[in-house]
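Undergrad: The structure is given below, and queries will be raised subsequently.
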Amino acid sequence: MRKNIFRILKLAILGVVVFISSSKINIYEAKVTNNNLNKAVDLTTMAKKVDEFDYDALYSAKDTYTGDLTGYVYNCPACTGKLACMANLDLSGGATTYLDDTYGEVRIVASSGNLLCGTVVRFNAPKISSEPVLAIVLDRGVTGNDLDLLSVDVDYAIKNVGRMPITYDIIRSGWETISYAS
């Protein structure tokens, strides 16, 4: 009887082996998408990416100049009402600032051809602001290293700006594109 049990067992094992080898086994790859709006956020990774932005490179002085700062208005007697570097910018509403892609809202200044159009400068002028002033060169009309700050009106230009000696830093030279990530 033992022989019969072994024979049946052998036949059963042989049947299983034949069945497995003759059948096709399909393996499927499951692709899962997560449409859940409450996704987990790795704040440590995000903080590292913010740290990668190099503020020092963005705001560091590339060069320093000394000159006089004066004030002007867009419709002065010798002015055309248009900016030399950006004639399509409408100043008739009293605009004195420009929204730069990199530095945000900055004041508008005129310079000589020594500074390229789009150059961003930083200077201290306590009568104008308690914080350092960021300005962009969008106009011409002065000589040497002087800057002429676009003002809302003549009274502001005379009372707050007047003529003052300043030292200013070049933060960006012209409209160049620079990557500030390290």
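Undergrad: With respect to the numbered conditions (1) in contact with a Lys or Arg (Cβ under 6 Å, 6 or more places away or on another chain); (2) over 19 Å from Asp68 (Cα atoms), which one is the sole condition not fulfilled by Pro132?
TA: Only one criterion is unmet by Pro132, namely (2).
Undergrad: Can you tell me which residues in region 57-112 are of a type in the set (Ser, Thr, Tyr), at pLDDT 85 or above, assigned to a loop (DSSP other than H, G, I, E, B) and under 25 Å from Val154 (Cβ atoms)?
TA: Residues satisfying the conditions are Thr96, Ser112.
Undergrad: Give me the residue from region 162-182 that is modelled with pLDDT of 90 or more and over 19 Å from Gly104 (Cβ atoms) and, out of that set, surrounded by the most Cβ atoms within 10 Å (Cβ to Cβ).
TA: Here the answer is Ile166.
Undergrad: Of all residues in region 64-79, which are closer than 12 Å to Ala125 by Cβ and either of a type outside the set (S, T, N, Q) or in contact with a Phe, Trp or Tyr (Cβ under 8 Å, 6 or more places away or on another chain) (or both)?
TA: Of region 64-79, the ones closer than 12 Å to Ala125 by Cβ are 68-71.
Matches in region 64-79: Asp68, Leu69, Gly71.
Undergrad: Here is a further query. Quick check: is even one residue across region 84-100 in contact (Cβ under 8 Å) with a residue 60 or more places away in the chain, in contact with a strand residue (DSSP E or B) (Cβ under 8 Å, 6 or more places away or on another chain) and of a type outside the set (Gly, Ala, Ser)? Break it down stepwise before answering.
TA: Restricting attention to region 84-100, the residues satisfying the condition of being in contact (Cβ under 8 Å) with a residue 60 or more places away in the chain are none.
There is no residue in region 84-100 that is in contact (Cβ under 8 Å) with a residue 60 or more places away in the chain, in contact with a strand residue (DSSP E or B) (Cβ under 8 Å, 6 or more places away or on another chain) and of a type outside the set (Gly, Ala, Ser).
Undergrad: Sticking with this structure for a sec: From Leu149, Leu115, which residue is within 23 Å of Tyr59 (Cα to Cα), in a loop (DSSP other than H, G, I, E, B), at pLDDT 90 or above and among the aliphatic types (A, V, I, L, M)? Outline the logic, then answer.
TA: Working: Leu149 fails: in a loop (DSSP other than H, G, I, E, B).
Answer to the selection: Leu115.
Results for (1) in contact with a Lys or Arg (Cβ under 9 Å, 6 or more places away or on another chain); (2) farther than 23 Å from Gly67 by Cβ; (3) small (Gly, Ala, Ser), shown as yes or no for each residue.
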| position | (1), (2), (3) |
| --- | --- |
| Leu89 | yes, yes, no |
| Ser92 | no, yes, yes |
| Ala95 | no, yes, yes |
| Ile108 | no, no, no |
| Val120 | yes, no, no |
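The values are calculated or read from the model by the stated rules, or taken from the named source; none is laboratory data. Please read these numbers as outputs of a predicted model, since none were measured by experiment. Because the Cβ atoms are built from the backbone with ideal geometry, glycine has one as well, and the counts that use them run over all protein chains shown.
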